[in-house]
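Structure below; questions to follow.
The values are calculated or read from the model by the stated rules, or taken from the named source; none is laboratory data. Note that the coordinates shown come from a computational prediction; the quantities given were computed from them, not determined experimentally. Cβ atoms come from the backbone with ideal geometry, glycine included; neighbour counts cover every protein chain shown.
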Amino acid sequence: MSGYIGTQPVPQATQTRDAFTATNNQTSFPTSGYTPEFLDVFLNGVKLAASDYTATNGSDVVLAAGATTGDILEVVSYGTFEVLNPTFDGNVTFTGNASFGDNDKAIFGDGSDLEIYHDGTHSYVDDSSGTGRLILKTDYLEVQNAAGNEAILGGIQDGAVSLFYNGNTKLATTSTGIDVTGITTTDGLTSDSTVTVRGGNKLILNRADNATRGEINYVAGTGFVLNDLNGDGLSYNVNSTNKLRIDASGNVGIGTSNPASWAKLDILGSGGSQTGATQALQVKAPSATAGEGVGIRLNAASGSHEAVGIIGMVNNASGNAGSMTFHTYDGGATIPERMRIDNSGNLLVGTTSTSLATTSSETGAMITDGSFQAAANNPVAQFNRITSDGSIVNFRKNGTTVGSIQARSSFTTLQIGSTGTGITGTSSHKILPSVNNARSDNTNDLGDSSYRWKDAYLAGGLYLGGVGSANKLEDYEEGTFTPFIRINNGVEGITVSHASGAYVKVGSAVHIILRWRLSSKGSNVGNVRLDGLPFTVGDRIGTTGLEGGATIGFLSGMAGTWTNVVAYPSENETEIGFSIRTGTTGDYTAMTNSNIGNLFDGRIACTYFVD
């Protein structure tokens, strides 16, 4: 079957029908020819869908599934035709393609309001001559690539309008705004609501040359991050005036756009007296609990070692006053306080007490209004003059020097004195007189008639009137002792009723007084001697064992006839010997037991010398 449309008998718009009786499982059927896409295929009177067969080579129709023996396959093909300048006043239905040549347009509207055409290079939907809007009505709009396998633009009713790049959504509208995936580059951004960058992405800021940039993002575990990729630093301005600056080295300036290169924080405050509110930095505690406050912690860490210091401010028990405290770490569980300045201006080191001068338990030091107090269980003060001789400590009254403590390394001494009299201590364990900070001989007195020293405690000697050994008084001692009578060097049977003695030893001279009284002289026979002297009699006379004499002040209880008795200290002994004369003439002989009675009684004073 065939026919034609037009003014000439040209075979256009023809219809050709081919019919086949299939064999078992037959898939390919040769036709008399067809134009691809301009055909219908029927199997046993049922029109097949385009997916049920393949018809692309213009001659064969190939079924997707083999036919059954006796099936009837019909192929109806249609010839194409052209219509020149047609005008349609009603509806036109196409069951095939409507083809337009280059620059041939599908024109809509009385005034060519809308034109659709291809100019040989580009395709156009042209509404430039139309009035009103160009409206596309659909629940789901999608613009795809030429292959039809990637979306370029899409829109869903009551849903997102999306822009795609390489098949991936990069910008999509949401119920609250837009969702951008990836980097956003813009010449300007104005928002009347919240701008959110999600998924760990960054807000990137480029310079005018687009060569370098900065980033703003939020990193989990780190927080808000400003990243200067070019190393120019960060500035915070108010009304175009810089208020905060972080330079490329990480140094922070507040109030200055040029922080010092050697300081991590440089604050430029306003000048003025520091008695008022003119400070550059304030660190404030949230409460006013007594004994608590706020501080600045300083760390000097190296490996496993950490040195910690704190400068703090703590409240007093009441009122608005407090103390500035200074702490250093000692390796313990806390960081103890080492020093403080209290609200009275007292500088306290190692203590919080202001009563160091009257304490017996507190230790530390305090400086207050020209006064210094210190207490310790070790040297309280140490002064060390380096290298040269001269004053270690100067003492002044109303600005005038009244005394000093000086060092003299030439003879290793320490001098204490005024412009007049002083003393000098030497390394050879001596204290020497000085005048005008110089050692002086035979010029200074120790006390005077109106101002005397009370006691002098000497372990050695005292030189009087000279510096030779003969001028040295080495000892002075007062004491008591108990004398006793010996007969023939024995005391058997001797009973003493009274015995006492006292002595004064000055240097090597011993002055004694004593008394004795017997109630029984015993039965010993021999010489009578008085023993028990406090010191051994020395050998000072030579050639004799009788070292001087003793004065007998009282003597009674004698026996027999006698005219005189003498007493004398005996060399190298602690005793006094007696000699008696029984007539008016003749020699003295040693006094024996026969010369005394049981009530032998006497008083003696004696001076002797020790070696």
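Exactly one condition in (1) within 30 Å of T241 (Cα to Cα); (2) within 22 Å of the chain's Cα centre (by Cα) is false for V294; which is it?
Here V294 clears every test but (1).
Now for a separate question. Residue by residue through the range 489-546, note down the ones that are of a type in the set (K, R) and either in contact with a Cys (Cβ under 7 Å, 6 or more places away or on another chain) or in a strand (DSSP E or B) (or both). Steps first, please.
Step one: list which residues in the range 489-546 are of a type in the set (K, R), which gives 505, 515, 517, 521, 529, 540.
Hits for the range 489-546 are K505, R515, R517, K521, R529.
Continuing with the same structure: From the residues in the range 369-384 that are in contact with a Ser or Thr (Cβ under 7 Å, 6 or more places away or on another chain) and surrounded by 10 or more Cβ atoms within 10 Å (Cβ to Cβ), which one is nearest to L356 (Cα to Cα)? Lay out the reasoning, then the answer.
Applying the first criterion (in contact with a Ser or Thr (Cβ under 7 Å, 6 or more places away or on another chain)) to the range 369-384 yields 375-377.
Filter once more, keeping what is surrounded by 10 or more Cβ atoms within 10 Å (Cβ to Cβ): 375-376.
Working: A375: 6, A376: 9 Å.
Taking the candidates together, the pick is A375.
Any idea which of (1) touching a strand residue (DSSP E or B) at 6+ places or on another chain (Cβ under 9 Å); (2) over 24 Å from L446 (Cα atoms); (3) modelled with pLDDT under 80 is the one N384 doesn't satisfy?
So the condition that N384 fails would be (3).
Would you please name the residue that is surrounded by the fewest Cβ atoms within 10 Å (Cβ to Cβ), looking only at residues in the range 340-359 that are among the hydrophobic types (A, V, I, L, M, F, W, C) and either over 14 Å from M324 (Cα atoms) or under 22 Å from the mean Cα position of the chain (by Cα) (or both)? Talk me through it step by step, then tell me what you get.
At the first step, the residues of the range 340-359 found to be among the hydrophobic types (A, V, I, L, M, F, W, C) are 341, 347-349, 356-357.
Next, from what is left, pick out any that are either over 14 Å from M324 (Cα atoms) or under 22 Å from the mean Cα position of the chain (by Cα) (or both): 341, 348-349, 356-357.
Values: I341: 15, L348: 23, V349: 13, L356: 20, A357: 11.
The qualifying residue surrounded by the fewest Cβ atoms within 10 Å (Cβ to Cβ) is A357.
Which of (1) farther than 25 Å from L533 by Cα; (2) of a type outside the set (D, E); (3) modelled with pLDDT under 85 does G460 not meet, given it meets every other one?
Of the numbered conditions (1) farther than 25 Å from L533 by Cα; (2) of a type outside the set (D, E); (3) modelled with pLDDT under 85, the odd one out for G460 is (1).
Can you give me the number of residues within the range 102-128 that are of a type outside the set (K, R) and either surrounded by 12 or more Cβ atoms within 10 Å (Cβ to Cβ) or touching a strand residue (DSSP E or B) at 6+ places or on another chain (Cβ under 7 Å) (or both)? Outline the logic, then answer.
Going through the range 102-128, the residues of a type outside the set (K, R) turn out to be 102-104, 106-128.
Checking the rest, the ones that are also either surrounded by 12 or more Cβ atoms within 10 Å (Cβ to Cβ) or touching a strand residue (DSSP E or B) at 6+ places or on another chain (Cβ under 7 Å) (or both) come to 102-104, 106-109, 112-118, 124-127.
Within the range 102-128, residues that are of a type outside the set (K, R) and either surrounded by 12 or more Cβ atoms within 10 Å (Cβ to Cβ) or touching a strand residue (DSSP E or B) at 6+ places or on another chain (Cβ under 7 Å) (or both) number 18.
While we're here: Among the candidates A307, A288, single out the residue that is touching a strand residue (DSSP E or B) at 6+ places or on another chain (Cβ under 9 Å), at pLDDT below 85, small (G, A, S) and assigned by TED's automatic domain parsing to the domain that holds S323.
Values: A288 fails: assigned by TED's automatic domain parsing to the domain that holds S323.
None of the other options fit; the residue is A307.
May I pose another question? When you look at G272, is it at pLDDT below 85, in a loop (DSSP other than H, G, I, E, B) and more than 30 Å from S353 (Cβ to Cβ), yes or no?
Numbers: at pLDDT below 85: yes; in a loop (DSSP other than H, G, I, E, B): yes; more than 30 Å from S353 (Cβ to Cβ): yes.
So G272 fits the description; yes.
Could you check, for the range 574-584, whether at least one of its residues is in contact with a Lys or Arg (Cβ under 8 Å, 6 or more places away or on another chain) and not in a strand (DSSP E or B)?
There is no residue in the range 574-584 that is in contact with a Lys or Arg (Cβ under 8 Å, 6 or more places away or on another chain) and not in a strand (DSSP E or B).
Condition first: hydrophobic (A, V, I, L, M, F, W, C), touching a Gly at 6+ places or on another chain (Cβ under 9 Å) and assigned to a strand (DSSP E or B). Now tell me which residues in the range 336-366 satisfy that.
To start, the set of residues in the range 336-366 that are hydrophobic (A, V, I, L, M, F, W, C) comprises 339, 341, 347-349, 356-357, 365-366.
Narrowing further to those that are touching a Gly at 6+ places or on another chain (Cβ under 9 Å): 339, 348-349, 356, 365.
Hits for the range 336-366 are M339, L348, V349, A365.
A further question follows. Pick from E337, E362: which is farther than 23 Å from T289 by Cα, among the acidic types (D, E) and free of Cβ contacts under 8 Å to residues at least 40 places away in the same chain? Steps first, answer last, please.
On the way: E337 fails: farther than 23 Å from T289 by Cα.
Criteria check complete, one pass: E362.
Need at least 2 residues that are of a type in the set (A, V, I, L, M) and without any contact (Cβ under 8 Å) to a residue 60 or more places away in the chain per element, so show me which strands (runs of 3 or more DSSP E) inside the range 417-486 make the cut, counting only ones lying wholly within it.
Values: elements: 421-426, 431-435, 476-481.
The strands (runs of 3 or more DSSP E) meeting that bar are 431-435.
Next up: In the set T551, T607, which member is assigned to a strand (DSSP E or B), touching a Cys at 6+ places or on another chain (Cβ under 9 Å) and among the polar types (S, T, N, Q)? Give the derivation first.
On the way: T607 fails: touching a Cys at 6+ places or on another chain (Cβ under 9 Å).
Every option except T551 fails the conditions.
Next up: Test E74 against the criterion of being at pLDDT 95 or above and surrounded by 10 or more Cβ atoms within 10 Å (Cβ to Cβ), and give yes or no. Working first, answer last.
Details: at pLDDT 95 or above: yes; surrounded by 10 or more Cβ atoms within 10 Å (Cβ to Cβ): yes.
Judged against the criteria, E74 is a match.
How many residues are basic (K, R) and part of a strand (DSSP E or B) if we restrict to the range 230-269? Spell out how you get there, then give the answer.
Taking the range 230-269 and keeping what is basic (K, R), we get 243, 245, 264.
Checking the rest, the ones that are also part of a strand (DSSP E or B) come to 243, 245.
Total meeting the criteria: 2.
Can you tell me which residue is farthest from F481 (Cα to Cα) among those in the range 492-547 that are loosely packed, with under 14 Cβ neighbours inside 10 Å and in contact with a Lys or Arg (Cβ under 8 Å, 6 or more places away or on another chain)?
G493
Collect the residues in the range 567-587 that are over 22 Å from V610 (Cβ atoms), surrounded by fewer than 17 Cβ atoms within 10 Å (Cβ to Cβ) and of a type outside the set (G, A, S), keeping them in residue-number order.
Of the residues in the range 567-587, the ones over 22 Å from V610 (Cβ atoms) are 579-587.
Filter once more, keeping what is surrounded by fewer than 17 Cβ atoms within 10 Å (Cβ to Cβ): 579, 581-587.
Answer for the range 567-587, where residues must be over 22 Å from V610 (Cβ atoms), surrounded by fewer than 17 Cβ atoms within 10 Å (Cβ to Cβ) and of a type outside the set (G, A, S): R581, T582, T584, T585, D587.
Among the candidates K454, K472, which residue alone is exposed (fewer than 14 other Cβ atoms within 10 Å of the Cβ) and of a type in the set (D, E, K, R)? Don't jump to the end; show me each part of the working.
Values: K472 fails: exposed (fewer than 14 other Cβ atoms within 10 Å of the Cβ).
Just a single option satisfies the conditions, and that option is K454.
Looking at (1) at pLDDT below 80; (2) assigned to a strand (DSSP E or B), which is the only condition Y124 fails?
(1)
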